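Right, one structure below, let's go through it.
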Amino acid sequence: MYLVGVVPGPRSPSVIRSQISHSVKLAVDDLQKFRQGVHFTRTYNYPGGRLCKSLCIDIITDALACREIAGFPSPSSLYPCTSCHLKKSEIGNLDRQSWPRRDLREHKRIAQAWWDAETFAEQQTLFKSHYLRWSEFNRLDYFNIILYTPSDLPHTGYLNAAQTHFREIFGIDFEKPGGDGQPISVSDPNAMNVDVDNSHDRTNRRRHRKDPKLQDIIYRDMDNIFLPTWMNSAPRDWGSARRGKLKANEWKMLTLVHVPITLIRLWGTHPVERKRNMLDNFMALAQALRIADFYSLRRKDVFSFNKHITHYLKTLQELYQASDESILKPHHHALMHMGEDLAFMGPNHARNTMPCERYIHFMQNRNLNNQFGMFHIIRLIVSN
C-alpha cells in the first residue's frame with residue numbers, strides 16, 4: 001500500500017458542488033492511461049523494460065466518503081442506498097425481490113446531464129429530481145459504479161449496526177446506566193413496576209428501563225475471561241464518558257465475544273420469553289457479522305449470512321418497534337446488500353477499510369508545518 005495523494009485542505013471539499021472531482025480526476029486520468037498499459041523502459045527487476053497495466057476494482061471507503069466520491073446522495077436522503085432506489089420511508093421492507101434496482105446506463109446518463117448543466121442552479125434542480133451527481137469514475141468504461149461501491153464491514157457492521165444495538169436497543173449510553181431494552185409506555189399504569197411480565201410486546205426505543213446490573217455483569221465477566229494472545233480485548237471501561245468513542249475492532253470484540261458470553265449465561269434459560277427472544281435477536285446479528293468477517297467463503301456461508309441478517313432485522317422490528325415508523329436505519333439496509341457483495345467480491349478482509357484507517361490515523365498524528373515537499377527537499381540536502 002502506498003499514498004498517491006491527499007485532498008487539499010484545510011476544509012473538506014464541497015459535496016454539493018462536487019469539488020472532490022478535481023482531485024479524483026487526477027487519479028482517474030492515470031487509471032485511463034494504465035488501462036491500455038504504460039511501458040517502463042527499465043526497472044530494477046526488468047532491465048529490458050516492462051509493460052504495466054492497472055485497473056480500479058472498487059472504492060473502499062466509509063459510507064459518507066463513498067457517496068462523495070461516487071456521486072450518490074447522503075445516507076439520510078430520500079434514496080439512501082447506492083444499490084437500489086428504495087426510499088428511506090420504505091427502509092423496513094426486507095423483501096429483496098421488491099427493491100427497485102439501479103440501472104447503470106440510466107445512472108451514467110443522469111450523472112452526465114448533471115455534469116453538463118451550465119449553471120449550479122441547474123445542477124441542483126437535477127439533483128433534487130434524481131438524487132445523483134457526477135463522478136469521475138464514470139469515465140472508466142469498465143467500472144460499474146453501482147456494483148463497485150460496496151459497504152465496508154467495520155463502519156456498516158460494527159461502528160453503526162452493533163453500536164446502534166448497544167446504544168438504542170440495550171440503552172447503554174456513555175453517561176447513563178446500561179439498559180436491557182425493556183419497553184416502557186408512558187400511558188401504562190404498570191410501567192414503573194419491576195415485574196417484566198407486565199411489560200408490553202413493543203418498545204419505544206427512546207424510552208428504556210435502565211438496569212445498571214447488566215453492564216456491571218459484563219464488566220465482571222470480562223475480568224474473569226482469559227483471551228488468546230492474538231485477540232485484543234475491549235477496554236474494561238467501555239460505555240463510560242471517560243473512555244469515549246470505541247474503535248471498530250473494539251465493537252467487534254464486544255459483539256462477537258464479551259457480550260454473547262454474558263447474555264447467553266443470563267438469558268439463555270431465562271423464564272421470561274422476551275429475554276430469550278432478545279438474546280436470539282442479538283445473536284443473529286453477531287452470527288451475521290462473524291460470517292461477514294470470514295477470510296474464506298463458500299456459497300452456503302453467503303446464504304447463511306443472508307438468513308441471519310434477515311432474521312435479525314425482522315425480529316428487531318417485532319421486538320422493539322413502537323410505531324409505524326421503522327426502527328431500521330440506512331446501515332441496516334446496507335447490511336441486507338452485503339450478502340450480494342460477499343457473493344460478488346468475496347470476503348470482506350480483502351477490501352477492509354481498517355488498514356486505510358490506520359494509515360490515516362498515523363498521518364493525522366504527524367507534526368506538519370503545511371510546507372508541502374519540504375521534508376523530501378531537506379532529506380535530499382542532508383543526504384548529499
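List the helices (runs of 4 or more DSSP H) inside region 228-317, counting only whole elements, that have at least 3 residues being charged (D, E, K, R). Step through it out loud before you land on a result.
On the way: elements: 248-253, 259-267, 273-292.
So the answer is 273-292.
State the number of residues belonging to region 56-84 that are loosely packed, with under 15 Cβ neighbours inside 10 Å and at pLDDT 90 or above.
Count: 1.
Cβ-Cβ distance below 7 Å, separation of 6 or more or different chains: which pairs start in region 209-223 with a residue that is modelled with pLDDT under 55 and end on one that is in a strand (DSSP E or B) and crowded, with 17+ Cβ neighbours inside 10 Å?
Arg209/Gly179; Arg209/Gln182; Lys210/Gly179; Asp211/Gly179; Asp211/Asp180
Does any residue in region 241-255 that is farther than 12 Å from Asn160 by Cα come within less than 6 Å, Cβ to Cβ, of a residue that is in a loop (DSSP other than H, G, I, E, B) six or more places away or on a different chain, and which pairs are these?
Ala241/Phe174; Ala241/Glu175; Arg243/Pro235; Arg243/Asp237; Glu250/Ala234; Met253/Ala234; Leu254/Ala234
Of the residues Asn232, Asn249, only one is modelled with pLDDT under 85 and either buried (at least 17 other Cβ atoms within 10 Å of the Cβ) or not hydrophobic (A, V, I, L, M, F, W, C) (or both); which?
Working: Asn249 fails: modelled with pLDDT under 85.
Only one candidate passes the filter, namely Asn232.
Filter region 111-135 for residues that are under 17 Å from Pro80 (Cα atoms), of a type in the set (D, E, K, R) and without any contact (Cβ under 8 Å) to a residue 24 or more places away in the chain and give the result.
If the condition is that a residue be under 17 Å from Pro80 (Cα atoms), of a type in the set (D, E, K, R) and without any contact (Cβ under 8 Å) to a residue 24 or more places away in the chain, then Lys128 is the only one that fits.
Looking at region 342-362, which of the residues that are touching a helix residue (DSSP H, G or I) at 6+ places or on another chain (Cβ under 8 Å) and modelled with pLDDT of 90 or more is surrounded by the most Cβ atoms within 10 Å (Cβ to Cβ)?
Residues of region 342-362 that are touching a helix residue (DSSP H, G or I) at 6+ places or on another chain (Cβ under 8 Å), as a first pass: 342-343, 345, 348, 351-354, 357.
Narrowing the set further to residues that are modelled with pLDDT of 90 or more leaves 342-343, 345.
Values: Leu342: 21, Ala343: 15, Met345: 15.
Selected residue: Leu342.
Going by what's in this entry, would Asn138 be described as in contact (Cβ under 8 Å) with a residue 12 or more places away in the chain, surrounded by fewer than 17 Cβ atoms within 10 Å (Cβ to Cβ) and either out of contact with any Cys (no Cβ under 7 Å at 6 or more places or on another chain) or outside the structural domain of Lys329 (by TED's automatic domain parsing) (or both)?
It is false that Asn138 is in contact (Cβ under 8 Å) with a residue 12 or more places away in the chain, surrounded by fewer than 17 Cβ atoms within 10 Å (Cβ to Cβ) and either out of contact with any Cys (no Cβ under 7 Å at 6 or more places or on another chain) or outside the structural domain of Lys329 (by TED's automatic domain parsing) (or both).
The values are calculated or read from the model by the stated rules, or taken from the named source; none is laboratory data. Everything quoted here is computed from the prediction, not taken from an experiment. Note: ideal-geometry Cβ built from the backbone for every residue, glycine included; neighbour counts use all protein chains shown.
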